[in-house]
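I have placed the structure first, in the form of structure tokens, so that the comments after it can refer back to it.
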Amino acid sequence: MRNYVSDRVAVKIIDSLETAVNSLADLGERGSVPKELLDLGIAQYRQLIVKPYRIIYQCLPDQCVVHAILDGRRDLQVSVLCSDYEVIIIDKVL
């Protein structure tokens, strides 16, 4: 049987993610570089954790660009390289 999130819980999750994303305008450099990407030699991306989600973003001179919001319980390297359900182009600003 599938687990469904109630509308109230879904709104709370979306609000938390929106708050975190909006905070990047003032505090974009506060996130850490994801270890999985650093191990691949990719250091220009950062992450914010909003459990259980990971917001993967990049700080550019005039903006922060969110590239993905991923389930933090999954291995990021596998999600980036072998995703059936997410379109993630790590080398381009989406």
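Just so you know, all these numbers are worked out from the coordinates, no wet-lab data involved. The structure displayed is predicted, hence computed values, not measured ones. No Cβ is skipped: glycine too gets one built from the backbone with ideal geometry, and neighbour counts run over all protein chains shown.
Observations on the structure shown:
- A cut-off of 5 Å between modelled amide H atoms, ignoring neighbours fewer than 5 places along the same chain, links ALA68 with ILE56.
- Local electrostatic count, GLY72, Cβ distance below 13 Å [Lys/Arg +1, Asp/Glu -1]: +2
- Taking 0.36 nm per residue of separation and subtracting the Cα-Cα distance, full extension of the segment from VAL9 to ASN22 would add 2.7 nm.
- Protection proxy ranking for 46-52, 5-11, 69-75, using the average of other Cβ atoms within 10 Å per residue and placing the highest first: 46-52, 69-75, 5-11.
- 3J(HN,Hα) couplings calculated from phi for region 19-26 with the Karplus curve 6.51 cos²θ - 1.76 cosθ + 1.60 (θ = phi - 60°) are, in sequence order, 4, 5, 5, 5, 5, 5, 4, 9 Hz; Gly and Pro show x.
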